[in-house]
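Enquirer: First the structure, then my questions, so here it is.
What follows draws every value from the coordinates through simple rules; no lab data is involved. The structure presented is a predicted model; accordingly, all values stated were derived computationally and were not measured. Glycine also receives a Cβ, built like all others from the backbone with ideal geometry; neighbour counts cover every protein chain displayed.
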Amino acid sequence: MTQINYPPQHVAIIMDGNGRWARKRVLPRLAGHKAGGENIHTVAKIFAGYGIKYLTLYAFSTENWNRPRAEVSGLLNLLARKIGQETQAFHQENIRLVHLGRQDRLSQKLKEKVQAAVALTKNNTGLTLCLAFDYGGRDEIVQATRHIASAGIPGDNIDESSFAQYLYSPDIPDPDLIIRTGGESRLSNFLLWQAAYSELYFTPILWPDFGLKEVEEALSEYKRRQRRFGKI
């Protein structure tokens, strides 16, 4: 039986195209990342207005550490600044911030800012905004497996439900819709466990240009989808 769920409870976005956005304007790549960062709050408010409960944004992957050192440093500094600038605004808008990913490779200063933002907004009841930073789907599964092994849980006691409790945020439902901007058509190691039955939507629009019109188009396409979850 077809399940029709609208609006989606959880939307996840692979925010791609910042570098190409900058190149089209003959700007340095970091200018594109800055423009992309400035778009986060705008898009979060748009989705909140549509009644979306969870929004996950793929900001920095475990593979992004392999980019040029100057770009990585710039991205880290940009994140630190955005957290400092935006956390209070998110808090006043009743938005809960959640971090998905590793923290052991972040600087102490950045780690403290992330933890402070999460702590300040943890009781907010509006949109939950998950920032996937130093995140990789395979790495998340490996880390979960290590925690299960460390806990000494017998293999026969592990099922999908119990395994999911060891992922980064077990209280976050799987994404109903995954959007990728920038024209590429792949998941790039994003929410591999959680994306098993997600609807996928790809748009050529570069992330800094992704706004109300593009959100409406993505949600309209999702509304036309028939979600069967393996059933007829």
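Enquirer: In the list Leu200, Leu191, Leu219, which residue meets the criterion of being under 21 Å from Gly51 (Cα atoms), of a type in the set (A, V, I, L, M) and out of contact with any Lys or Arg (no Cβ under 8 Å at 6 or more places or on another chain)?
Expert: Leu219
Enquirer: Filter segment 200-216 for residues that are without any contact (Cβ under 8 Å) to a residue 40 or more places away in the chain and either within 17 Å of the chain's Cα centre (by Cα) or surrounded by fewer than 15 Cβ atoms within 10 Å (Cβ to Cβ) (or both) and give the result.
Expert: Correct list: Leu200, Tyr201, Phe202, Thr203, Pro204, Lys213, Glu216.
Enquirer: Further, regarding this structure: Answer yes if at least one residue in segment 14-21 is part of a loop (DSSP other than H, G, I, E, B), surrounded by 14 or more Cβ atoms within 10 Å (Cβ to Cβ) and on the phi > 0 side of the Ramachandran plot, and no otherwise.
Expert: Yes: one or more hits.
Enquirer: Please find, among Leu129, Leu76, Leu55, Leu120, the residue that is in contact with a Cys (Cβ under 9 Å, 6 or more places away or on another chain) and of a type in the set (A, V, I, L, M).
Expert: Sole residue among the options that is in contact with a Cys (Cβ under 9 Å, 6 or more places away or on another chain) and of a type in the set (A, V, I, L, M): Leu55.
Enquirer: While we're on this one: I want to confirm something. Restricting to segment 43-83 and keeping residues that are over 15 Å from Val11 (Cα atoms) and of a type in the set (Val, Ile, Thr), which single residue is surrounded by the most Cβ atoms within 10 Å (Cβ to Cβ)?
Expert: Ile83
Enquirer: Among the residues of segment 121-129, are any touching a residue at least 40 places away in the same chain (Cβ under 8 Å), closer than 20 Å to Asn18 by Cβ and not β-branched (Val, Ile, Thr)?
Expert: Yes: segment 121-129 contains one or more residues that are touching a residue at least 40 places away in the same chain (Cβ under 8 Å), closer than 20 Å to Asn18 by Cβ and not β-branched (Val, Ile, Thr).
Enquirer: May I pose another question? Only one of Tyr168, Tyr197, Tyr222 is aromatic (Phe, Trp, Tyr), in contact (Cβ under 8 Å) with a residue 60 or more places away in the chain and assigned to a loop (DSSP other than H, G, I, E, B). Can you tell me which?
Expert: Tyr168 is the lone residue from the list that is aromatic (Phe, Trp, Tyr), in contact (Cβ under 8 Å) with a residue 60 or more places away in the chain and assigned to a loop (DSSP other than H, G, I, E, B).
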